[in-house]
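The values are calculated or read from the model by the stated rules, or taken from the named source; none is laboratory data. None of the values given here were measured: they were computed from a predicted structure. Positions of Cβ are backbone-derived with ideal geometry, glycine not excepted, and every protein chain shown enters the neighbour counts. Protein only, heavy atoms only, side chains kept; ligands, DNA and RNA dropped before computing areas. Shrake-Rupley method; radii C 1.70, N 1.55, O 1.52, S 1.80 Å.
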Amino acid sequence: MQLSFVNDYSPKYATYLPTLKRLTNKTFKHLKITGNYVVELNFVNNQTIQKMNREYRHIDKPTDVLSFAFLEREKGEVAIKSKEPQILGEIIISIDKIKAQAKEFNHSFSYELAYLYLHGLLHLLGYDHVHNEREAKKMFQLEDTILVGEKL
């Protein structure tokens with residue numbers, strides 16, 4: 001598993017990469033996912049994520065995290081088998097939203113970042129909380145399970 005970091009916000013946030021990589025490995029282990037995957041991560045500001053949210057989701061307001069899964073398959077489509085790294089997808093997180101939500105929910109910055117990253121990662125892995133209430137419950141329980149014991 002590789003974590004590719006593209007940072008449009010500030011280089012100081014690269015210090016969180018080891019924690020996010022550990023979280024990714026824990027998630028893959030918990031879900032019994034094997035393979036050589038790359039997750040692309042980008043930190044942006046509210047203005048940038050609002051523009052992307054408007055363009056891709058037709059919602060004209062900033063959001064905290066966007067996920068773009070690259071390996072989603074249509075019904076009947078065959079999965080590619082390869083030993084070469086495959087890009088699982090891209091996670092885009094608003095640093096401005098992390099700061100605001102950490103304060104609002106009385107979390108640390110690092111906890112809120114880890115939560116949003118995990119949330120985005122689960123979307124890349126096919127979990128959805130928007131269209132199915134049962135799936136939402138499953139996704140949120142999985143987030144809680146994976147975050148238990150993390151020192152954030």
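If you filter the range 122-152 down to residues that are open to solvent by 90 Å² or more (accessible area, probe 1.4 Å) and outside any helix (DSSP H, G or I), you find that the one that is farthest from residue 108 (Cα to Cα) is 131. Output yes when any residue across the range 57-72 is acidic (Asp, Glu), open to solvent by less than 50 Å² (accessible area, probe 1.4 Å), modelled with pLDDT of 95 or more and within 18 Å of the chain's Cα centre (by Cα), and no when none is. Yes; the residues of the range 57-72 include at least one that is acidic (Asp, Glu), open to solvent by less than 50 Å² (accessible area, probe 1.4 Å), modelled with pLDDT of 95 or more and within 18 Å of the chain's Cα centre (by Cα).
Take residue 92 and tell me if it is at pLDDT 95 or above, aliphatic (A, V, I, L, M) and surrounded by 13 or more Cβ atoms within 10 Å (Cβ to Cβ). Spelling it out, residue 92 is indeed at pLDDT 95 or above, aliphatic (A, V, I, L, M) and surrounded by 13 or more Cβ atoms within 10 Å (Cβ to Cβ).
When 99, 61 are checked against the criterion of being farther than 25 Å from residue 2 by Cα and part of a helix (DSSP H, G or I), a single residue qualifies: 99. Scanning the range 106-134 for residues that are of a type in the set (A, V, I, L, M, F, W, C) and free of Cβ contacts under 8 Å to residues at least 40 places away in the same chain yields a count of 2. In this structure, is residue 77 modelled with pLDDT under 80 and of a type in the set (Asp, Glu)? Spelling it out, residue 77 is indeed modelled with pLDDT under 80 and of a type in the set (Asp, Glu).
Any idea which residue in the range 3-49 is surrounded by the fewest Cβ atoms within 10 Å (Cβ to Cβ), counting only those that are in contact with a Pro (Cβ under 6 Å, 6 or more places away or on another chain) and closer than 24 Å to residue 139 by Cβ?
Out of the qualifying residues, it is 38.
Scanning for something within 23 Å of residue 147 (Cβ to Cβ), touching a residue at least 24 places away in the same chain (Cβ under 8 Å) and part of a loop (DSSP other than H, G, I, E, B), does the range 15-34 turn up at least one residue? Within the range 15-34, one or more residues are within 23 Å of residue 147 (Cβ to Cβ), touching a residue at least 24 places away in the same chain (Cβ under 8 Å) and part of a loop (DSSP other than H, G, I, E, B).
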